[in-house]
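The structure appears below as structure tokens.
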Amino acid sequence: MEQVKINGELVHVKGYGSRHLSQDAVKELIQQSQEAKKQAYCPYSKFRVGAALLTLDNCVITGCNVENACYNLGVCAERNAISKAVSEGYRSFKAIAIASDLNDQFISPCGGCRQFMREFGLNWNVYLSKPDGSHLKMTVNELLPVSFGPEDLSMDKVFDIPNEY
């Protein structure tokens, strides 16, 4: 059994060891996203979202959405979890599970969150879930095809474009 840190606590979960997660590991990651959802601060939309992010060294970092009266200052659960992970020194991830209260469809990340996830690679898994634990597995690349990423900034560019004011 693998040792996994979930929000600072060491636990044992089977199947977190490789990039390919076991069904038990996926189930646990989705459960962690559902638990994170309970912490959501969403007095305006009443739309709770939780995320559980799995790092390459098997640390699970959770996040929830945090709204603000000035709507555009809110933070989505996915960006919250990734930002927490980055602030702890993580830059590479195996997977993220996302949970909401939607019964009839899988929760899907907004465009901003897709681009935010893209910053950290194309080929890691995103588990879109429902409250009953059912899920749909996709990669970041599948969620944001033909995307712009960090490597695009180092591509050859034309620098002799005149500035017109």
Just one listed residue, out of Ser147, Ser83, Ser154, Ser100, is of a type in the set (S, T, N, Q), at pLDDT 95 or above and more than 24 Å from Val26 (Cα to Cα), and it is Ser147
Selection count, the stretch 105-120, where residues are surrounded by fewer than 22 Cβ atoms within 10 Å (Cβ to Cβ), part of a loop (DSSP other than H, G, I, E, B) and within 10 Å of the chain's Cα centre (by Cα):
0
Looking at Asn123, Asn65, can you tell me which residue is at pLDDT 95 or above, surrounded by fewer than 12 Cβ atoms within 10 Å (Cβ to Cβ) and touching a helix residue (DSSP H, G or I) at 6+ places or on another chain (Cβ under 8 Å)?
Asn123
Taking the stretch 66-102 and keeping residues part of a loop (DSSP other than H, G, I, E, B) and within 27 Å of His20 (Cα to Cα) leaves Cys76, Glu88, Gly89, Tyr90, Arg91, Ser92, Asp101, Leu102
In the stretch 132-152, how many residues are surrounded by 14 or more Cβ atoms within 10 Å (Cβ to Cβ) and in a loop (DSSP other than H, G, I, E, B)?
3
In this structure, is Leu102 surrounded by 23 or more Cβ atoms within 10 Å (Cβ to Cβ) and touching a residue at least 24 places away in the same chain (Cβ under 8 Å)?
no
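The values are calculated or read from the model by the stated rules, or taken from the named source; none is laboratory data. The model shown is predicted, which means the values in this text are computed figures rather than measured ones. Counting neighbours? That spans all protein chains shown, and the Cβs are built from the backbone with ideal geometry, glycine included.
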